[in-house]
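Have a look at the structure below before the remarks.
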Amino acid sequence: MKFFKYHGAGNDFILLDNRDGSITNLPVKEWCHRHTGIGADGLMLLETDPELDFRMVYYNSDGGVSTLCGNGSRCIARFAADLGLVHGEEVRFRAADGPHSARFLADGNIALQMNDVRHVERRGDDMVLHTGSPHYIIFTDRDPDAYDLRTLAHRIRYAEPYAETGINVNLVEVRSPQTLFMRTYERGVEDETLSCGTGVTAAALAAHARASGAEGTFDMEVQTRGGLLRVRFSCTQDMYRNIILTGPAVKVFEGFMG
C-alpha cells in the first residue's frame, strides 16, 4: 500500500488516498510506531465527500478515531493539492467537527479556518476549552522546558472528569501580549508532541480571555518545539469567531508498506 508522510510544525502524519474506499481495517497503531513502523503522531485518510472537495478521517497513533487535528488539517490540504484536487487558492473539506476551508498562501504556509468557540471554562488559574478537540491550558511564569510535562499531564488527563475520554494538556508561557510559548501532551498519542494545532489555537484564545477578554480582532504568534504558528481571531460578546490557524505543511517522503 502506498503511503505519504507529512508534517506540520513537527507534528507528523501518515496520509493515505482512500477515494475509492478500498482501505479498511488499517493497523494504525503498528504503522505509527516509531521503532517498528513508519512512525507518526497520527494517520489520515482522504476520502470523497458529496458536497466538499474531500473528507478527512483522522486516527491518533493509538489507533482510535479522533476529533479535529489542526496541523493534520493543513497537511491533508497540502496532500489534496499534491494529488491534483485543488484548483485555485482554497480547498474545502469535512472533518470530525464539520466543514473547514484551507487557503494556500504565497509564502508556502496554509491558513486553516477553524470553527467558532463559544465557551472558555475557568478552573482556578487554568482554562478548559474545545477548539475541535478538548484542551486543558496551564499558564506558567517559569520556562515550560523546566517541567516534566508527561507527569504533570497524567495528573489531569487520567483524573476525573477526563479519564474516560481524555483531554490534551498544554503548558503555556505568555512572553508578550502577542507571543506565547507552549508544550502539548496529546491524548491518543499519550505523550508530548512537537506541536498541536488545536492546542495552539486553544492557548491563544485562553491567553486572550485571561488577559482581558476584550472585543476586537487579535493576532498571536505561538512558538512550539516544532515551529512557529499564528492564530488570528475576533472576539464578540464572549464568543470567538473568524479563527484562522496559519502554519507550515510539508511533505517528507512517500513509500510502500507491505
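The values are calculated or read from the model by the stated rules, or taken from the named source; none is laboratory data. All figures in this text were calculated on a predicted structure; none of them were measured in a lab. With ideal geometry, Cβ positions are generated from the backbone for all residues, glycine too; neighbour counts draw on all protein chains shown.
Here are the numbers:
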item	result
Complete set of residues in region 145-166 that are in a helix (DSSP H, G or I) and surrounded by fewer than 18 Cβ atoms within 10 Å (Cβ to Cβ)	ASP145, ALA146, ARG150, THR151, LEU152, HIS154, ARG155
Unmet criterion (only one of (1) under 20 Å from GLU186 (Cβ atoms); (2) surrounded by fewer than 20 Cβ atoms within 10 Å (Cβ to Cβ); (3) in contact with a strand residue (DSSP E or B) (Cβ under 9 Å, 6 or more places away or on another chain)) for ASP62	(3)
Region 89-116, residues that are within 15 Å of the chain's Cα centre (by Cα) and among the hydrophobic types (A, V, I, L, M, F, W, C)	ALA95, ALA96, ALA102, ILE110, ALA111, LEU112, MET114
Among (1) among the aromatic types (Phe, Trp, Tyr); (2) crowded, with 17+ Cβ neighbours inside 10 Å; (3) without any contact (Cβ under 8 Å) to a residue 12 or more places away in the chain, the one test that TYR185 misses	(3)
Cβ pairs under 8 Å, 6+ apart, first in region 225-239 and assigned by TED's automatic domain parsing to the domain that holds HIS7 and modelled with pLDDT of 95 or more, second not polar (S, T, N, Q) and not in a loop (DSSP other than H, G, I, E, B)	none
Residue list for region 97-121, restricted to those being under 19 Å from ARG241 (Cα atoms), in contact (Cβ under 8 Å) with a residue 24 or more places away in the chain and surrounded by 15 or more Cβ atoms within 10 Å (Cβ to Cβ)	ASP97, HIS100, ALA102, ILE110, ALA111, LEU112, GLN113, MET114, ASN115, VAL117, VAL120
Boolean, ILE138 is more than 26 Å from ALA249 (Cβ to Cβ) and buried (at least 19 other Cβ atoms within 10 Å of the Cβ)	yes
Whichever residue in region 1-60 is in a loop (DSSP other than H, G, I, E, B) and small (Gly, Ala, Ser) and, among such residues, is nearest to GLN223 (Cα to Cα)	ALA9
Which numbered condition VAL169 misses (of (1) part of a strand (DSSP E or B); (2) touching a helix residue (DSSP H, G or I) at 6+ places or on another chain (Cβ under 9 Å); (3) not assigned by TED's automatic domain parsing to the domain that holds HIS208)	(3)
